[in-house]
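Q: Below is a structure I'd like to ask you about.
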Amino acid sequence: AAFSETLTRPTLSALAPYTSYQTTTTSVRTARGTNPNLKPFLSQNLDLSFEYYYGDANMLALALYKKEIDDYIVVMSLPETLESIVDVEDPDWRNFTVSRPQNGETASIEGAEVNWTHVFENGFGFSANYTFVNTDASLSAAGSVKRFALPGISDTGNATVFYDRDGLQLRVAYNYRTAFLGRPSVGPSSEPVHYDDYGTFDVSASYDLTEKVTLFVEGSNVTGETVNKYGRYKNQFIGFEDTGALYTFGARAKF
């Protein structure tokens, strides 16, 4: 069991005073900038884990966690009156929608992580883990009016099957992530950007020629999975990422 409190300061680039005007039309006026008034955000963390080890390399584990976060920094698009704009007959021309980092509200994150690793005597083995996470700072919980939400919160899991014996190592892994919020708001419409759930397969193989030389080949996203991005609703298309598969091969040597 553990309790801790962490403080994270804003970056200097987020604190430096800066505003850049983007769209300046009669109907739409947008800008982006930084925020010299940002405060650090605090997190109080409570962790509790149960671990059972059996055999030389086998483990079952359950970890519970909860975090209370104050003043978390997120980029928001909010209306502002920019007094720096002078010599305009209509004062409405000073009203802009400005995207800049802001200190958000208090939020809590809680969840659990389960792990299981087992190695057989013949060199084969498997490892699997899954992390469940929940937060009260989400757009679905806040509705369409409230704009504060924590980005990047999602369940994640992976499962790996491997072989390791006589200098030969083989591995096949599946990695999965549920849908998550990428940005709470973006652009003049202040709409969020969500990432749809996705899973990828990775493979690797290596062989120890000697105690100091190893040949290897690795493949990432070998099935060519894609990532879809959408707005507040899934039928609001925003983006499509197709990185394809990536393969690397080579040799490692120790001197």
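Q: Out of 72, 21, 54, which single residue is surrounded by 15 or more Cβ atoms within 10 Å (Cβ to Cβ) and over 21 Å from residue 153 (Cβ atoms)?
A: 21
Q: Residue by residue through segment 24-43, note down the ones that are loosely packed, with under 15 Cβ neighbours inside 10 Å and small (Gly, Ala, Ser).
A: Result: 27, single match.
Q: Within the bounds of segment 39-59, is there any residue that is modelled with pLDDT of 95 or more, aliphatic (A, V, I, L, M) and more than 26 Å from the chain's Cα centre (by Cα)?
A: yes
Q: Still on this structure: So which residues in segment 109-138 are among the charged types (D, E, K, R), at pLDDT 95 or above and either in contact with a Cys (Cβ under 7 Å, 6 or more places away or on another chain) or more than 23 Å from residue 53 (Cβ to Cβ) (or both), if there are any at all?
A: 110
Q: For segment 198-217, which residues satisfy the criterion of being open to solvent by 70 Å² or more (accessible area, probe 1.4 Å) and closer than 26 Å to residue 155 by Cβ?
A: 201, the sole residue that qualifies.
Q: Which residue out of 46, 15, 62, 82 is in contact with a strand residue (DSSP E or B) (Cβ under 8 Å, 6 or more places away or on another chain), surrounded by 15 or more Cβ atoms within 10 Å (Cβ to Cβ) and among the hydrophobic types (A, V, I, L, M, F, W, C)?
A: 82
Q: Right, next: Filter segment 239-249 for residues that are touching a strand residue (DSSP E or B) at 6+ places or on another chain (Cβ under 7 Å) and open to solvent by 80 Å² or more (accessible area, probe 1.4 Å); which is farthest from residue 184 (Cα to Cα)?
A: 249
Q: I would also like to ask the following. Could you check segment 66-120 for strands (runs of 3 or more DSSP E) lying wholly inside it with 2 or more residues that are without any contact (Cβ under 8 Å) to a residue 60 or more places away in the chain?
A: It comes to 73-81, 107-119.
Q: Moving on to the next point. Filter segment 25-65 down to the residues that are touching a residue at least 60 places away in the same chain (Cβ under 8 Å) and in a strand (DSSP E or B) and list them by number.
A: 29, 30, 31, 32, 33, 41, 58
Q: Next question, about the same structure. Test residue 169 against the stated conditions and say whether it is under 30 Å from residue 17 (Cα atoms) and touching a strand residue (DSSP E or B) at 6+ places or on another chain (Cβ under 7 Å).
A: no
Q: Determine, yes or no, whether residue 9 is among the basic types (Lys, Arg) and either touching a residue at least 60 places away in the same chain (Cβ under 8 Å) or open to solvent by less than 50 Å² (accessible area, probe 1.4 Å) (or both).
A: So residue 9 fails the test.
Q: Right, here's the next one. Mind listing whichever residues of segment 1-24 are among the hydrophobic types (A, V, I, L, M, F, W, C) and either assigned to a strand (DSSP E or B) or more than 27 Å from the chain's Cα centre (by Cα) (or both)?
A: Selection gives 2, 3, 7.
Q: Further, regarding this structure: Restricting to segment 218-236, give me the number of residues that are open to solvent by 30 Å² or more (accessible area, probe 1.4 Å) and out of contact with any Gly (no Cβ under 8 Å at 6 or more places or on another chain).
A: Total satisfying the criteria: 10.
Q: Might you check whether a residue that is among the hydroxyl-bearing types (Ser, Thr, Tyr), closer than 30 Å to residue 9 by Cβ, at pLDDT below 95 and open to solvent by 80 Å² or more (accessible area, probe 1.4 Å) occurs anywhere in segment 94-106?
A: yes
Q: Does residue 132 fit the bill of being free of Cβ contacts under 8 Å to residues at least 24 places away in the same chain, under 20 Å from the mean Cα position of the chain (by Cα) and surrounded by fewer than 16 Cβ atoms within 10 Å (Cβ to Cβ)?
A: yes
The values are calculated or read from the model by the stated rules, or taken from the named source; none is laboratory data. Since this is a predicted model, take the numbers as computed values, not measurements. So basically every Cβ, Gly included, is an ideal-geometry build from the backbone, and we count neighbours across all protein chains shown. Only protein heavy atoms, including side chains, enter the accessible area calculation; ligands, DNA and RNA are left aside. Shrake-Rupley method; radii C 1.70, N 1.55, O 1.52, S 1.80 Å.
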